[in-house]
Amino acid sequence: MSYQLLKGKKGIVFGALNADSIAWKVAERAHEEGASMVLTNTVVALRMGDTVKLGERIGCPVIGADATSVEDLQNLFVQTMEKLGGKIDFILHSIGMSPNVRKGRHYSDLDYVMLTKTLDISAVSFHKTLQTARKLDALNEWGSVVALSYVAAQRTFYGYNDMADAKALLESIARSFGYIYGRERRVRINTISQSPTITTAGSGVKGFDRLLDFSERMSPLGNATGDECADYCITLFSDLTRKVTMQNLFHDGGFSGMGMSQRALEQYEKGMEGPFDDLKSQADDHFFD
Ligand SMILES: NC(=O)c1ccc[n+]([C@@H]2O[C@H](COP(=O)([O-])OP(=O)(O)OC[C@H]3O[C@@H](n4cnc5c(N)ncnc54)[C@H](O)[C@@H]3O)[C@@H](O)[C@H]2O)c1
C-alpha cells in the first residue's frame with residue numbers, strides 16, 4: 001500500500017545489487033511512495049548484478065561509484081543533483097564487505113590490510129558520503145540519512161568477525177556526524193540495526209543459516225524481513241520522523257531486548273542430548289569458540 005510519504009522527495013540509494021538486497025527493497029518502496037532516486041553501486045557490481053534492470057523498471061538513473069573513493073562520491077552527488085533537478089532529501093547507505101570474512105580468516109588471525117579494507121568499505125565510506133554531501137551542500141534541510149547496521153556492533157556474535165568492528169564504527173559515525181549536520185542543516189542521521197536477512201552479503205557470514213534460526217527463535221516477533229526493513233527506512237526518510245537523529249534503531253523483532261527465550265532453550269536442550277562427548281575429541285585451536 002502506498003501512502004505517498006515521500007512524494008516530491010529525491011534520494012540516493014547505495015547497494016541494490018540484486019532482488020535480495022535490502023537496498024533493492026528500499027528503492028522499490030521509495031518509488032511506490034513517490035520519491036525520485038538515483039541508484040548507485042560499484043562499476044563491477046553494476047556489471048555483475050541487476051541494479052541497471054531495477055533502474056529501468058522504476059525509472060531511476062544509475063550512476064557507478066565506489067563509496068571508498070571521494071572523487072567518485074563527488075561525481076555521484078553532482079550528477080545526481082543535475083539528473084534529479086536539485087538537492088536531495090534522503091540517502092540510504094547499504095554497503096558492507098569484509099575480505100577477511102570472504103577469505104575465511106579467523107578473528108584472532110586477521111589480515112590487517114584486509115581489515116583496513118573492511119573498515120573503509122563498510123564504515124569509513126559512510127563518513128566519506130556525509131562529508132562529501134556536506135561540502136557540496138547536496139542535502140536539503142530536514143534531509144534524512146540512514147545506514148544499515150547489525151547488533152554485533154554492540155554484543156559479540158561469533159563468526160561476524162571484523163564486520164562487528166566496522167559496524168561499531170558505522171554507528172559512531174552516525175552519532176558524531178549527526179551532531180554536526182543536525183546543528184548546521186537539520187539533517188538527521190541514523191543507523192538501523194536489522195535482523196539477519198538472506199542476501200549476498202548476509203550469506204557470507206559463518207553459520208548464517210543457524211544464526212537465522214537462533215535469531216528467529218529468540219525474537220518475540222520473529223526476524224524482520226528485508227521488505228519490513230524497507231518499510232522502516234521509508235518512515236525515517238519521511239517527514240513523520242523529523243526529530244529522530246543520532247540513533248541506532250533496532251529493527252529486529254525484539255531480539256536485542258532478549259536474554260533467553262523458551263523456543264531457543266528448547267532447541268538447546270535437544271542439542272544437549274546429542275553427541276557432545278564426540279565433539280570434545282575433535283579439539284582444535286578454536287574448540288571453545
Ligand atoms: N543481510 C543481513 O543479514 C544484514 C543484517 C544487518 C545489516 N545488514 C547490512 O545491510 C547492508 C546491505 O547488505 P545486504 O544484506 O542487502 O547485502 P548485499 O550484498 O545485497 O548488499 C551489499 C552491497 O554493498 C555494495 N558494495 C560493496 N562494496 C562497495 C563499495 N566499495 N562501494 C559501493 N558499494 C559497495 C555491494 O555491491 C552490494 O550492493 C550492509 O551494510 C549489511 O552489512 C545486512
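The values are calculated or read from the model by the stated rules, or taken from the named source; none is laboratory data. This is a predicted model, so every value here is computed, not measured. Cβ placement follows ideal geometry from the backbone for every residue including glycine, while neighbour counts extend to all protein chains displayed. Quick note on the areas: whole protein, heavy atoms, side chains included, nothing else; ligands and nucleic acids left out. Shrake-Rupley method; radii C 1.70, N 1.55, O 1.52, S 1.80 Å.
Structure summary
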quantity	calculated
Accessible surface, per residue, of the range 38-129 when the full set of protein chains is kept, probe 1.4 Å, Å²	49
Sites D209 and L240 - FRET efficiency at Förster radius 35 Å, r taken between beta-carbons, to 0.05	0.45
Length released on extending from V113 to K135, taking residue separation times 0.36 nm less the Cα-Cα span	5.0 nm
Zone residues, the range 123-166, relative to R102, backbone N less than 11 Å from point 7 Å out along Cα-to-Cβ	none
Across K128/K167; K53/K206; K117/K206; K10/K128, pairs whose alpha-carbon gap is larger than 26 Å	K53/K206
Sulfur and carbon atoms: percent of accessible area, the range 1-55 [1.4 Å]	57
Residues in the range 200-238 that a label on Q262 would reach, taking backbone N under 14 Å of a point 7 Å out along Cα→Cβ	218-221
Long-range HN-HN contacts of F250 with modeled amide H, under 5 Å	S193
Relative compactness, the range 115-261, computed as alpha-carbon Rg over 2.2 N^0.38 Å	1.07
Dipole magnitude of the range 51-102 about its Cα centre (Cβ charges: Lys, Arg +1; Asp, Glu -1), debye to nearest 20	220
Phi-based couplings in Hz for the range 209-217 (Karplus 6.51, -1.76, 1.60; Gly and Pro marked x)	5, 6, 4, 4, 5, 4, 5, 4, 5
Computed E for M272/M1 - FRET, C-beta separation, R0 51 angstrom, nearest 0.05	0.65
Eligible aspartates and glutamates near K135 by straight Cα distance, threshold 19 Å, same-chain separation 8 or greater	D66, E71, D72, E82, D89, E184
Heavy atoms of D20: accessible area, 1.4 Å probe, square angstrom to 10	80
Rounded accessible area per residue of the range 152-270, 1.4 Å, Å²	50
Theoretical gain in end-to-end length, V43 to E56 [0.36 nm per residue, Cα-Cα removed]	3.0 nm
3J(HN,Hα) from dihedral phi, the range 161-178, Karplus parametrisation 6.51/-1.76/1.60, rounded to Hz, x for glycine, proline	6, 6, 5, 4, 5, 5, 5, 4, 5, 4, 5, 5, 4, 4, 5, 5, 6, x
Computed helical MRE - 222 nm, the chain, DSSP H runs ≥ 4 contributing -39500 (n - 2.57), nearest 500	-13000 deg cm²/dmol
Accessible carbon and sulfur surface of the range 205-270 relative to its total accessible area, %, 1.4 Å	55
